[in-house]
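Here's the structure we're looking at; comments come further down.
The values are calculated or read from the model by the stated rules, or taken from the named source; none is laboratory data. From a predicted model like this one, the values you see are computed outputs, not experimental measurements. Methodologically, a virtual Cβ is constructed for each residue, glycine included, from the backbone with ideal geometry; neighbour enumeration extends over all protein chains shown.
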Amino acid sequence: PTFHKNQVKLHAIGDLSQLPKRCYNKLQEAMEETSHYTTCTLTLALSYGSRKELVNVTRRLAEKVKQGELRIDDINEQIVQQELDTHFIPDPDLLIRTGGEQRISNFMLWQMAYTEMVFLDIMWPEFHREHLYESILEYQQRERRFGKISEQL
C-alpha cells in the first residue's frame, strides 16, 4: 500500500533467477504493479555483483557484433552504459558505506567512477536520519571534479 500511496516504482537489478521462486514471483508482481509510477524509483540490488554485470554487458555486446547489429568500432562508453542493469537511472552522486568498511565491494564499479563516498563506522541498523544529514552535509562541502583537477573547473 505504501508504494501505491507514494507512487514509488519498484525495480530490481542483479541475478533475480537466484531468488526463491515465490520471492521472484512476488517481486515481478510488485514491479509490474508499480511500473507506471514516476514520483520515485526504488531499485533493489539482489544477488547483484558488478563484475558479473560487466561480463553480461560484454557478452551482449559481443553477440550484437556477431549478429551484425553493432560494429566493434562503434562501442564506446555510451553504448556500454546502455547495456548496464542500471541504464535507466543516473550514476550515484553519493555512496554511504556503513559497517566500518572502506571499500565498494563489487558494487556498481562502472557507475561509481565519479561517486563521492562517505564511510561510517556504525552498522546499518544504527544508521539514522542524523547520519544521513551529516553525510549529505559532508558531500555538499566537497568539490565535484568528475576526473578533472580544480584548475580545470
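How many residues does segment 86-133 hold that are surrounded by 14 or more Cβ atoms within 10 Å (Cβ to Cβ), not in a loop (DSSP other than H, G, I, E, B) and not β-branched (Val, Ile, Thr)?
Count: 7.
Checking the conditions here, which among Leu42, Leu84 is under 28 Å from Trp124 (Cα atoms), among the aliphatic types (A, V, I, L, M) and modelled with pLDDT of 95 or more?
Within the list Leu42, Leu84, the selection yields Leu84.
Would it be correct to say that Arg59 is loosely packed, with under 13 Cβ neighbours inside 10 Å and under 18 Å from the mean Cα position of the chain (by Cα)? If you could, list the steps in order and put the result at the bottom.
Numbers: loosely packed, with under 13 Cβ neighbours inside 10 Å: yes; under 18 Å from the mean Cα position of the chain (by Cα): no.
Answer is no for this residue.
In segment 50-58, is there at least one residue being outside any loop (DSSP other than H, G, I, E, B), modelled with pLDDT under 95 and under 30 Å from Leu137 (Cβ atoms)? Walk me through how you get there before you give the answer.
So the first thing to find is which residues in segment 50-58 are outside any loop (DSSP other than H, G, I, E, B), and the list is 50-58.
Then keep just the ones that are modelled with pLDDT under 95; that gives none.
Checking segment 50-58: not a single residue is outside any loop (DSSP other than H, G, I, E, B), modelled with pLDDT under 95 and under 30 Å from Leu137 (Cβ atoms).
Does segment 17-40 include one or more residues that are of a type outside the set (S, T, N, Q) and touching an Asp or Glu at 6+ places or on another chain (Cβ under 9 Å)?
Taking segment 17-40 first, the residues of a type outside the set (S, T, N, Q) are 19-24, 26-27, 29-33, 36-37, 40.
In the following step, the residues that additionally are touching an Asp or Glu at 6+ places or on another chain (Cβ under 9 Å) were identified as none.
No; the residues of segment 17-40 include none that is of a type outside the set (S, T, N, Q) and touching an Asp or Glu at 6+ places or on another chain (Cβ under 9 Å).
Conditions (1) farther than 19 Å from Arg51 by Cα; (2) out of contact with any His (no Cβ under 9 Å at 6 or more places or on another chain), marked per residue:
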| residue | (1), (2) |
| --- | --- |
| Thr98 | yes, no |
| Arg103 | no, yes |
| Phe107 | no, yes |
| Glu116 | yes, yes |
| Leu120 | yes, no |
| Pro125 | yes, yes |
| Arg129 | yes, yes |
| Ile136 | yes, yes |
| Tyr139 | yes, yes |
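Which of the following residues is out of contact with any Pro (no Cβ under 7 Å at 6 or more places or on another chain) and either more than 25 Å from Ser135 (Cβ to Cβ) or touching a residue at least 40 places away in the same chain (Cβ under 8 Å) (or both): Leu10, Leu46, Leu16, Leu42? Give the derivation first.
Values: Leu10 fails: either more than 25 Å from Ser135 (Cβ to Cβ) or touching a residue at least 40 places away in the same chain (Cβ under 8 Å) (or both); Leu46 fails: either more than 25 Å from Ser135 (Cβ to Cβ) or touching a residue at least 40 places away in the same chain (Cβ under 8 Å) (or both); Leu42 fails: either more than 25 Å from Ser135 (Cβ to Cβ) or touching a residue at least 40 places away in the same chain (Cβ under 8 Å) (or both).
Only one candidate passes the filter, namely Leu16.
Does at least one position in segment 127-150 carry a residue that is at pLDDT 95 or above, closer than 26 Å to Gln18 by Cβ, outside the structural domain of Gln18 (by TED's automatic domain parsing) and not β-branched (Val, Ile, Thr)?
No, there is no match, as no residue in segment 127-150 is at pLDDT 95 or above, closer than 26 Å to Gln18 by Cβ, outside the structural domain of Gln18 (by TED's automatic domain parsing) and not β-branched (Val, Ile, Thr).
Given the conditions (1) closer than 30 Å to His131 by Cα; (2) of a type outside the set (Gly, Ala, Ser); (3) in contact with a helix residue (DSSP H, G or I) (Cβ under 9 Å, 6 or more places away or on another chain); (4) without any contact (Cβ under 8 Å) to a residue 24 or more places away in the chain, report the number of the one that Glu69 does not fulfil.
Going through the list (1) closer than 30 Å to His131 by Cα; (2) of a type outside the set (Gly, Ala, Ser); (3) in contact with a helix residue (DSSP H, G or I) (Cβ under 9 Å, 6 or more places away or on another chain); (4) without any contact (Cβ under 8 Å) to a residue 24 or more places away in the chain, Glu69 breaks only (1).
Among Ala62, Ala30, which is the only one that is modelled with pLDDT of 95 or more and more than 27 Å from Glu77 (Cβ to Cβ)?
Values: Ala62 fails: more than 27 Å from Glu77 (Cβ to Cβ).
Of Ala62, Ala30, the one residue that is modelled with pLDDT of 95 or more and more than 27 Å from Glu77 (Cβ to Cβ) is Ala30.
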